[in-house]
Amino acid sequence: MKKYISIAIMAMSIAGITSCDMDAPSQSSLDASVVFSQSDLAEGSVMAIHDCWGKTNSYRGRWIAFYGMNNDAEWYNGCTYSERTNAKFATANYSTTEDNTQLNVTNDTYTALYQGIEKANIAIDNIRQYGDVENNAGMAHLLGEALTLRALIYVELMRTFGDVPARFEQTTNENTYLPRSSQDDIYKQILADLEEAENYCYWPNENTVTKTTERVSKSFVKGLRARAALYACGYKLYSDGSYRQSTDAELSGDKMYQIARDECVDVIKSGRNTLGTFEENFRKLCEENYTAGEESIWEIPFKEGRGRVVSSKGIRMQSPWNQYVQYQKTGSVGGECGPVPTLYYDYDVEDIRRDITCIPYRWYNGGDNNEGDAKQELWGIKNWCFGKLRYEWMNRKATSLDDGINWQLMRYADIYLMAAEAENELNGPANAVQYLRPILNRALPAEKVNALIAQYSASKEAFRQGIRDQRKFEFAGEMLRKQDLIRWGILDQTLAETKVKLQQLAKREGAYADLPAKLYYTYIDKQTLKIYGLNHGETDDQGDELRKEEGWESKGWITSNDEPNLTEDIINGYYVVDKPSQHCVWPLPQLVINNSSGTLNNDFLK
């Protein structure tokens, strides 16, 4: 299915797609009545919507790399207070400015996503007019797919920029320049659009079209509608400067939780998707196994040469010319973003998600310009890597920063956890536990699952906290956490608490007092580390005993030479504003504002 870019190019010429949000569309080179009455041509127009994800400086190269970092699970590695104005660091530390040189570029995320909306509008309008949706199920699916992709783009725009222009019609000379609209209005529209799309789209594997996770299925439509409902009733930063929940009665918590609950339960009851093991999902993603009906529900389809997925969220290859990567002989790839150092220690020691998600090593083959096999090498407590995406799990060698692995937007675990959250908010934990238990069952031993279920079932608030914890453990590295903290209204509180935890970890105080200062390691084989010292209760004394055995060595981890490796400069660079909630979205780039004829600004962020 890695054909979308070529289809997109073809369909752009067919549909006369615009070059930016502010331009009116050119005249179609083929008559719309011809294009949108034929399934293969109409499909090309719908697939062209995907082009918005792959622009060089947009979603693929900037959003995936930078957005969503610096929460209690994820941060951008290397951020410091002294370098807080560094353009990359500033995308994560809540001090992003409109002239940020990583974001204020041509083909930026905002502009590229609005190009996708324009293409979606063209497809939707013309399929409605010429597609014979009532009598052609395939054409109906294409309409549902276009409605869903447009809704997804708006969800991504709003969580990135807050209030944005509501453009649900094709651009004309009369509506070229639009101001920001309330997120409330956009959420109401896309919730209605997704409800309509459910009537059109096939379930996974119901049709040849939905045999791949690269195509929209009814499972994804329903899951996205549930996610949109939870975002709609949650806290948001509006363009009047208020950080609050919606006051619109149509977006009340009860109504939105009911939508989220019903949509997720429908997916679960359909039996069209299965969970599998935690590791299996990510291995298949890296192996480019896009078979529908398993845990992965929908992915942005990137072909080789597009999508900085593993290079941003994978394990670092310090010298990327080895058995797994042939990118260049100097520099590094991977490891830009990683777990906040406290995350690993928050997991239960028997939680299988911990050692898949949090990786304390990088791959290294001896230095720049070297060729040959790399081995695992302890990196540093300030530079953990995410392990869900790994070059070593790929079936081919990556040859550039753009590794071509799909970006997974939704998996079945999220359906279960959204169902559990919504059911608890509506009716309490008694019925909600049935949706949480499958996630816990595959992560922990049975006795610990039962203990957690008993703990969470004590009250609605206890279950709410359980959901917050389990979403952190389940989705770390998948860029859902920041938006979860925002919508729950606890971003400022959580960041402040995490900063205190980082300070305690740096000094081995409080919950971290029983951790050793060093890590002790040997090699199981020529490339695989065996590590002692990462678990609570392990000691330097025992580590020193291990060092007496052949092959064991040590490395300063929490401290080196009695000095913390998590310095105050690093901890203070975690966020650099008093109230992150007032800066929890990116400003529109200056180039976008300059081209808006005075209709757009970032005044609410200043």
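The values are calculated or read from the model by the stated rules, or taken from the named source; none is laboratory data. All values derive from a computational prediction rather than experimental measurement. In this analysis, Cβ positions are derived from the backbone assuming ideal geometry, glycine residues included, and neighbour counts consider all displayed protein chains. Ligands, DNA and RNA are excluded from the accessible area calculation, which covers all protein heavy atoms including side chains. Shrake-Rupley method; radii C 1.70, N 1.55, O 1.52, S 1.80 Å.
What to note about this one:
- Selection count, the range 375-421, where residues are open to solvent by 20 Å² or more (accessible area, probe 1.4 Å), in contact with a strand residue (DSSP E or B) (Cβ under 7 Å, 6 or more places away or on another chain) and basic (Lys, Arg): 3
- Of the helices (runs of 4 or more DSSP H) that lie entirely inside the range 199-286, those containing 2 or more residues that are open to solvent by 50 Å² or more (accessible area, probe 1.4 Å) span 253-270, 278-286.
- Across the range 125-138, the number of residues qualifying as surrounded by fewer than 24 Cβ atoms within 10 Å (Cβ to Cβ), assigned to a helix (DSSP H, G or I) and in contact with a helix residue (DSSP H, G or I) (Cβ under 9 Å, 6 or more places away or on another chain) comes to 6.
- Filter result (more than 24 Å from the chain's Cα centre (by Cα), among the acidic types (Asp, Glu) and at pLDDT 95 or above) within the range 100-133: Asp125
- Test: residue in the range 46-65 that is farther than 18 Å from Lys303 by Cβ, crowded, with 22+ Cβ neighbours inside 10 Å, modelled with pLDDT of 95 or more and not aromatic (Phe, Trp, Tyr): no
- Annotation note: Cβ proximity below 8 Å between a residue of the range 483-500 that is closer than 17 Å to Gly162 by Cβ and of a type in the set (Val, Ile, Thr) and a residue that is outside any helix (DSSP H, G or I) and open to solvent by less than 10 Å² (accessible area, probe 1.4 Å) (sequence gap 6+ or interchain) occurs for Ile486/Gly234; Ile486/Lys236; Ile486/Leu237; Ile486/Cys584.
- Which numbered condition Tyr523 fails, given (1) in contact with a Lys or Arg (Cβ under 6 Å, 6 or more places away or on another chain); (2) open to solvent by 60 Å² or more (accessible area, probe 1.4 Å); (3) closer than 17 Å to Trp379 by Cα: (1)
- Among the helices (runs of 4 or more DSSP H) confined to the range 488-582, the ones with at least 1 residues that are within 32 Å of the chain's Cα centre (by Cα) are located at 491-507, 568-572.
- Extreme residue, nearest to Tyr67 (Cα to Cα), among residues of the range 294-321 that are open to solvent by less than 10 Å² (accessible area, probe 1.4 Å) and assigned to a loop (DSSP other than H, G, I, E, B): Val309
- Qualifying residue in the range 444-458 (condition: free of Cβ contacts under 8 Å to residues at least 60 places away in the same chain, closer than 20 Å to Glu280 by Cβ and under 27 Å from the mean Cα position of the chain (by Cα)): yes
- Within the range 96-124, being of a type in the set (D, E, K, R) and in contact with a helix residue (DSSP H, G or I) (Cβ under 8 Å, 6 or more places away or on another chain) holds for Glu98, Asp99, Asp108, Lys119.
- Residues being among the small types (Gly, Ala, Ser), modelled with pLDDT of 95 or more and either surrounded by 24 or more Cβ atoms within 10 Å (Cβ to Cβ) or over 29 Å from Thr101 (Cβ atoms) (or both) are represented in the range 72-84 by at least one member.
- Identity of the residue in the range 169-190, open to solvent by 60 Å² or more (accessible area, probe 1.4 Å) and modelled with pLDDT of 95 or more, that ends up nearest to Ala151 (Cα to Cα): Gln189
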